[in-house]
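See structure below.
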Amino acid sequence: MNGSAVRPAATLILLGLLGAAPSASAQEAPEGRPECPAGVIVNVFVENQSIYEEDGPEDGQSHGWVQRLAAWVANRVHIRTRKGLIESELLFRAGDCFDQLLLDESERSLRSLSFLAEADIRHAPASDGRMDVFVTTRDDWTLKLDVRPELDQGLRFAYLGGAEENFLGTGTLLGVYVRDQVEQRDVGVHLRNPRLARTRFDGAISGGRTRTGTFFTESLSYPFVGEVGRWAFVESYSLREDIFPYATQDAGSSTYVSLPMQTRRAEVTVGRRFGTPGNLTVLAAGVSWEGLRFDDFPEGVEVVPGLDYSSRVNADEAMIEAVAGQTAPRRIPRLHAVVGKRNIRFITRRGLDAVRAEQDVRVGTQAMVAAGTTLGGAELGAEGTHREVRGSISLFGGAAGDSWVFNSELNLEGAWLPGTERPARSFRDVLGEFDAYLYWQPGVASRHTVVLGLSGAGGWDNARPFQLTLGGPLRVRGYGRLDFPAARRLVVNLEDRITLDAPFSDVFDVGLAFFVDVGAGWKGDAPFSTDSGLRGAAGAGLRFAFPDGNRQVVRFDLAVPLEAGGLRDYQLRIGYDATSLLATLRDLQVLRSRGAGPSTVFLGGR
C-alpha cells in the first residue's frame, strides 16, 4: 500500500469542510406507544444561547456593568452556533421512545465540542406518558488569539496562533499558527469540521513549513457515537520533513544535535462494537503504511549551540556515530487487527481540571490489544529479516468516590523480528508509558482540588529516533525542555488548585495553583542520555478560564528548581493545564517515536 493512495480523501474534506449541519425542527410525536415503557418524546426544544446572557440571570438579579459590557460586545462579534448543528448531535428525535441513556450520551457529546462552554439536557412529563425534552447550550468564545510565551533559557514564544473555532456557527475551525519550541518550528494552517458534508464524519486538514521542509496531514474519521455507537472508521495520511532533536548534556546545557528525517504515515481502519453500553467488545481491522527516510545522513547532522538554529555547525564523528543506530530507512505496509473490552461509564465532576465547570470523567476498565504483520515488499532497516510483527496494548482503569476521582492508563508497544540473524535483537522499538492521577476535593463547599500524579515513560532497543528529557512544561516544570536527556523517566506531581471569587466572576473564572514536581531519568540506550539523579522543582500558577464556566484553562506558571541556583534558573510559561483528564493521557515525546499502526486510542473512545 502506497501512502499517496489515501490523498484523494483530502479532496472530500475540502469539499465539505464549510458545510453547515443540517437543520431539524421538533415535531409532535404520534400517540403514545405501548412499546415505550418510559413514554414517548413528544417535543424537543433547543435553546442555543450565545456567550453571555444580556437580560439578566434567572434569579432576577441584575448583572454587573462589566458583565453587561462583555455581553454586549461578545454577543455582537460572535456568531451563535446554528441550531441545526446542535440538533444533529442529539441521539434522539421527537417521536422516539424516551431513553435516559440517550439523553445522557447526547449531553456528553455536546459538552465535548470545543465551541460550546456548557450543555444541559432535561426532560419533563407532558401528558399521557408523553415527554418534553429541553436542550440548552451556551457558546464558548471561539475567535481566539493564542499567545504562549516561555522564559526557558531566554524569552521565546512557544506558540502564536489565531483561530475561529466556530466559523459562521457551523463548528468549522479555521486557524493559522507558529509553534516554536526551540527544537521544533512549524508555520501552518489548519481546518476542521465535525459535521463534514452534513454527516457525522469528522474532517481535518493542516499543512505548512517546518525548519527543514514541509508538513501535511489530513484525516477523515467516523468516531464511535458515545457509548451507543456500533461502527467507527478512520483514514489518515501525514507527511513531515523535519529534524529530530537530541539533547546532548545535563541541566544548564543549551546544545542539541539535529537529525534531518522524513516521515510518511497512512492508515485505514474500520471498527465494530458488540454488546451493551458498559459492557462492550471492540473488533477492528485495517491496513497501515509507514515510510522513514534519512536522505541527508550523515552530512546533514548538525549541532545547534545556544539553541540558536541560525548558528548551527556540522556534527563531529562521535556525535554522528551516537545517532547512527537510529537512522535505518523503512518502507513498511502492514495488515493489523484490534480486539478490546470496554466496561466504561461516565460521571460528571465540577472543578477538577476546569476552574468551575463540569467535566465528564471515565470510570471502569478498558483493555485494547492490537497486532499487525508486514505485507510483501517491506523495507525494515534490519539485517537478516524481511518480516516484522508489531503489537501494542492499552489498559485503562478509573474509579471515583464522593470526594475523589482516580484515572490510570498504561500503553506498551514493540516489534518482533522473526528469523533475525541476531536473536538478541529480535525485539526492538519497545515503548512504554504509564500515567495515574488522583483528584481529591475535601468537601462539597471546598475551594481546593488536590491532584497527585505519577507519570512514567521509557524506550528499549529503539531503531527509530528516540530520546526523552526530564525537564519541560509537562514534566519537571522548573527545568528547560532539553534538560536531562534519558531513555527512561519517572515524575511525581503534587498540586493544590484553589478557586477564587474574582471581582468579575460573572465574566471569567480565576484560580491559583501551587505545585511540586519530583522526578528522575535513567540513561538506558538512547543517544546522549544520562542518569539525572533525583530532581525537583516547585512553583505557583494563575489559572484563567474565559468565559466563565469554560472547561479549557490557561495557565501562567512560575517554577524554580529545588537546588542551588535560585531564581536565576526559574521557568516562566503560559499554556494549558499539564495534568488534565480533559486530554488523552499520552506522552508527546513517546508519541513522536511511535510507528504507524491502528488507532487503539481512537477505537477505544472517550
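The values are calculated or read from the model by the stated rules, or taken from the named source; none is laboratory data. Just so you know, these numbers come straight off a predicted model, no measurement behind them. Cβ coordinates were reconstructed from backbone atoms using ideal geometry, including for glycine residues, and neighbour counts include every protein chain displayed. Ligands, DNA and RNA are excluded from the accessible area calculation, which covers all protein heavy atoms including side chains. Shrake-Rupley method; radii C 1.70, N 1.55, O 1.52, S 1.80 Å.
Per 0.36 nm of contour for each residue apart, how much would the distance between residue 197 and residue 293 grow if the chain were fully extended, relative to their Cα-Cα spacing? Each step should come with its number before you reach the end.
Details: separation 96, 0.36 × 96 = 34.56 nm, distance 3.60 nm.
Additional length available on full extension: 31.0 nm.
I'd like the Karplus ³J(HN,Hα) series for the range 273-278: coefficients 6.51, -1.76, 1.60, θ = phi - 60°, whole numbers in Hz, and an x wherever there's a Gly or Pro.
Ordered by residue, 3J(HN,Hα) equals 10, 10, x, 10, x, x Hz.
Evaluate 2.2 N^0.38 Å with N set to the residue count of the range 441-523, then give the Cα radius of gyration divided by it.
1.48
Kindly state, to the nearest 0.05, the FRET efficiency for residue 523 paired with residue 189, given R0 = 45 Å and r defined as their beta-carbon distance. Don't jump to the answer; show the numbers that get you there.
Numbers: r = 40 Å, r/R0 = 0.90.
E between residue 523 and residue 189, to the nearest 0.05, is 0.65.
Using the heavy atoms of the protein chains alone and a 1.4 angstrom probe, what is the accessible area of the range 315-447 per residue in square angstrom? Each step should come with its number before you reach the end.
Details: 6030 Å² over 133 residues.
The answer is 45 Å² per residue.
If you average the C-alpha positions of the range 108-158 and of the range 246-316 separately, how far apart do those two centres end up, in angstrom?
So the separation of the two Cα centres works out to 32 Å.
Among all the lysines, which ones have a C-alpha under 30 Å from residue 144's C-alpha, if same-chain residues fewer than 8 places away are not counted?
Hits, sequence-local ones excluded: 83.
Students sometimes get this wrong: rank 341, 523 by accessible area, probe 1.4 Å, all chains present, largest first.
On the way: 341 80, 523 105 Å².
Order by accessible area, largest first: 523, 341.
Give me the one-decimal nm value for the distance between modelled label points at residue 379 and residue 249, 7 Å along each residue's Cα-to-Cβ direction.
3.8 nm
Taking 0.36 nm per residue of sequence separation and subtracting the Cα-Cα distance, how much length would be gained by fully extending the chain between residue 143 and residue 345, in nm to one decimal?
69.4 nm
Can you bin the range 244-353 into rounded, prolate or oblate? Criterion: square roots of the alpha carbon gyration tensor eigenvalues sorted a ≥ b ≥ c, rounded for a/c under 1.5, prolate for a/b above b/c, oblate for the rest.
Numbers: a/c = 4.11, a/b = 1.82, b/c = 2.26.
Verdict is oblate for the range 244-353.
Please go through the range 461-559 and write out the chymotrypsin sites (Phe, Trp or Tyr not before Pro) that DSSP classes as loop and that have at most 15 other C-beta atoms within 10 Å.
Within the range 461-559, the qualifying chymotrypsin sites (Phe, Trp or Tyr not before Pro) (loop, at most 15 other Cβ atoms within 10 Å) are 504.
How much of residue 309 can a 1.4 Å solvent probe reach, expressed as accessible area in Å² and rounded to 10?
Counting only protein heavy atoms, residue 309 exposes about 30 Å² to solvent.
Report the accessible area of residue 190, computed with a 1.4 Å probe over the heavy atoms of all protein chains in place, in Å² rounded to the nearest 10.
Rounded to the nearest 10, that gives 50 Å².
If you take the alpha carbon radius of gyration of the range 124-232 and divide it by 2.2 N^0.38 Å, what ratio comes out, to two decimals?
On the way: Rg = 20.0 Å, N = 109, 2.2 N^0.38 = 13.1 Å.
It is 1.53.
Based only on the alpha carbon positions, what is the Kirkwood hydrodynamic radius of the range 354-394, in angstrom? Provide the component values of the computation, followed by the final result.
Working: mean 1/r = 0.0695 Å⁻¹.
For the range 354-394, the Kirkwood estimate is 14.4 Å.
I need the P(r) histogram for the range 379-530: all alpha carbon pairs, bin width 10 Å from 0 out to the longest distance, whole percents.
Values per bin, smallest distances first: 10, 27, 27, 19, 10, 5, 1, 0.
Using the scaling law 2.2 N^0.38 Å as the reference, what is the normalised Cα Rg of the range 339-413? Numbers along the way, then the final one.
On the way: Rg = 19.3 Å, N = 75, 2.2 N^0.38 = 11.3 Å.
Working it through for the range 339-413, the quotient is 1.70.
At 0.36 nm per residue, and after removing the present C-alpha to C-alpha distance, how many nm does the segment from residue 318 to residue 588 gain when stretched out fully? Spell out each step's value before the answer.
Values: separation 270, 0.36 × 270 = 97.20 nm, distance 2.79 nm.
Here the answer is 94.4 nm.
Order the following by accessible area, largest value first: 507, 444. Probe radius 1.4 Å; ligands, DNA and RNA are ignored. List each step's numbers first, then the result.
Working: 507 10, 444 160 Å².
Order by accessible area, largest first: 444, 507.
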